[in-house]
Amino acid sequence: MSWGTELWDQFDNLEKHTQWGIDILEKYIKFVKERTEIELSYAKQLRNLAKKYQPKKNSKEEEEYRYTACKAFLSTLNEMNDYAGQHEVISENMTSNITVELARYVQELKQERKSYFHDGRKAQQHIEICWKQLESSKRRFERDCKEADRAQQYFEKMDADINVTKADVEKARQQAQVRHQMAEDSKADYSSILQKFNHEQHEYYHTHIPNIFQKIQEMEERRIVRIGDSMKTYAEVDRQVIPIIGKCLDEIVKAAESIDQKNDSQLVIEAYKSGFEPPGDIEFEDYTQPMKRTVSDNSLSNSRGEGKPELKFGGKSKGKLWPFIKKNKSPKQQKEPLSHRFNEFMTSKPKIHCFRSLKRGLSLKLGATPEDFSNLPPEQRRKKLQQKVDELNKEIQKEMDQRDAITKMKDVYLKNPQMGDPASLDHKLTEVSQNIEKLRLESQKFEAWLAEVEGRLPARSEQARRQSGMFDAQNPATVNNCAQDRESSPDGSYTEEQSQEGEVKVLATDFDDEFDEEEPLPAIGTCKALYTFEGQNEGTISVVEGETLYVIEEDKGDGWTRIRRNEDEEGYVPTSYVEVYLDKNAKGAKTYI
């Protein structure tokens with residue numbers, strides 16, 4: 001069915017209908033635009049939500065994410081970021097594929113509609129002009145006919161009157177003839193204009209208007225198809241992200257399935273294990289005997305003072321019983337042990353580090369943390385010391401890398417004085433060397449404390465043991481009192497005192513050997529160049545494909561391997577350019593993970 005034949009007389013209604021179609025299209029564009037804004041807002045809220053619950057750096061929350069449940073939650077937060085990203089993709093695709101395209105199409109549609117209806121109005125105006133011409137010709141023909149009829153009647157009247165002169169009769173006859181001729185001319189003109197109007201009217205209703213309405217119909221149908229395609233695109237944009245959203249959800253499920261309750265339980269043990277043994281049975285105290293309290297040999301206080309019951313009053317068992325039993329604060333029960341303890345303290349000759357233990361306990365009460373973490377239980381102290389040693393070793397390595405870089409730069413300045421003054425780097429090189437030495441001493445100190453906790457200090461010489469035994473024999477009470485003070489500080493925390501400086505010096509040689517880089521590095525293997533590399537930067541070395549060289553330093557994780565061609569020619573090449581064959585038995589071989 002064609003609008004040109006069926007709706008030939010509905011020009012105004014078609015104009016209203018096509019305008020309504022454009023309004024519908026603009027309404028759909030507005031709907032999609034609001035949907036994109038909702039998607040962007042939703043994605044932003046999801047990202048803010050994930051960011052809000054992300055663990056803060058260098059905080060206690062970061063330590064909590066060692067547990068598998070917290071790791072799974074962190075994975076969920078990361079997947080929520082990806083999930084939010086897919087909603088941003090939906091917004092972007094809808095904006096580019098629907099909103100922008102339809103907005104441009106609407107502008108084109110408006111222009112096309114305007115041109116069609118302009119042609120229609122032009123055709124209407126033309127047919128109206130033709131109609132007016134026809135009406136004017138018709139009225140003129142009618143007027144001329146009436147005038148000719150009146151002139152004929154006047155002539156006949158004059159011709160019948162005998163009193164009228166012959167000249168007047170002739171004049172009336174001539175006038176009648178003129179009027180009759182004018183009527184004939186008007187008739188011919190009217191007939192011609194009528195034929196022309198009929199032709200124009202036929203063309204208007206059977207050619208011009210049908211063609212214009214047909215174009216308008218095709219335009220409207222294209223609009224309908226376009227809005228349908230846009231709706232399909234609307235659904236397709238959502239469908240395209242469904243697989244990725246499904247992967248995000250699958251990853252969340254995978255993270256949830258990776259939760260290991262046994263592993264988390266083990267982490268709790270590692271985090272809070274003190275390393276102490278639980279207290280033993282408490283012996284029956286017979287108050288019928290002299291008032292002297294004893295403690296079971298199996299309790300935690302049975303340490304270095306074993307066999308000396310008079311020293312057990314300030315021992316460790318009472319301190320360990322506090323978490324389980326309330327202390328009896330009766331003055332009557334405490335009077336004799338306290339006085340006995342006071343007498344023992346006054347008559348003994350304490351070592352100087354016993355007072356340091358008391359001082360350290362006082363500092364713990366004031367809120368200060370000991371440098372050697374002696375306020376922590378043995379297991380927790382070992383972890384803290386190991387962590388500190390690792391941090392110091394990283395700082396030492398960093399400073400050593402900086403020293404190597406300055407040394408290389410100084411060599412470059414020596415070879416090329418125009419690039420810089422080598423003496424300007426001496427101050428910086430000295431400063432870095434001092435920092436390395438300080439860090440080494442600090443690391444040795446913590447290594448000694450760590451060795452003490454782990455029980456791996458080197459055995460003392462026979463002479464040192466004899467001297468120690470003689471001193472212990474002369475001052476037994478002092479030694480045991482200091483041991484007890486070291487194990488139980490005044491505030492109930494656990495402290496261990498490093499009193500022998502010689503123990504620190506035992507490890508000094510090992511550390512000096514470890515960080516000594518005075519001699520050239522030995523070869524730890526060989527490598528084969530897979531590709532040709534032009535070493536143009538300072539510190540690099542050029543290699544040719546297929547060339548075999550010596551490896552003197554493995555990749556530390558920065559993507560470079562240090563190699564040597566001969567004694568005077570060495571440098572770095574990209575690790576991906578060589579195939580390394582390490583000699584596991586090579587002296588000085590190091591592996592960086």
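Pairs linking a residue in segment 222-244 that is more than 17 Å from Glu34 (Cβ to Cβ) to a residue that is assigned to a helix (DSSP H, G or I) and aromatic (Phe, Trp, Tyr), with Cβ atoms under 8 Å and 6 or more positions apart or on different chains, are Arg226/Tyr105.
Criterion first (of a type outside the set (Gly, Ala, Ser) and without any contact (Cβ under 8 Å) to a residue 24 or more places away in the chain) does Gln111 satisfy it? Can you show your working first?
Working: of a type outside the set (Gly, Ala, Ser): yes; without any contact (Cβ under 8 Å) to a residue 24 or more places away in the chain: yes.
Considered against the rule, which asks whether it is of a type outside the set (Gly, Ala, Ser) and without any contact (Cβ under 8 Å) to a residue 24 or more places away in the chain, Gln111 comes out as yes.
Residue by residue through segment 187-241, note down the ones that are β-branched (Val, Ile, Thr) and open to solvent by 60 Å² or more (accessible area, probe 1.4 Å). Correct list: Ile224, Val225. Looking across segment 34-76 at every residue that is within 30 Å of Asn93 (Cα to Cα) and not in a helix (DSSP H, G or I), the one that is most open to solvent (accessible area, probe 1.4 Å) is identified as Tyr53.
Only residues that are over 42 Å from the mean Cα position of the chain (by Cα) and not hydrophobic (A, V, I, L, M, F, W, C) were counted across segment 536-549, and they come to 3. Quick one: would you say Phe73 is over 45 Å from the mean Cα position of the chain (by Cα), aromatic (Phe, Trp, Tyr) and on the phi < 0 side of the Ramachandran plot? Judged against the criteria, Phe73 is not a match. The residues in segment 272-293 that are part of a helix (DSSP H, G or I) and without any contact (Cβ under 8 Å) to a residue 24 or more places away in the chain can be counted, and the count is 0. So which residues in segment 272-305 are at pLDDT below 80 and of a type in the set (A, V, I, L, M, F, W, C), if there are any at all? If the condition is that a residue be at pLDDT below 80 and of a type in the set (A, V, I, L, M, F, W, C), then Phe276, Met291, Val295, Leu300 are the ones that fit.
The values are calculated or read from the model by the stated rules, or taken from the named source; none is laboratory data. Not measured: the values here are computed from a predicted model. With ideal geometry, Cβ positions are generated from the backbone for all residues, glycine too; neighbour counts draw on all protein chains shown. The accessibility values were calculated without ligands, DNA or RNA, using every heavy atom of the protein model including side chains. Shrake-Rupley method; radii C 1.70, N 1.55, O 1.52, S 1.80 Å.
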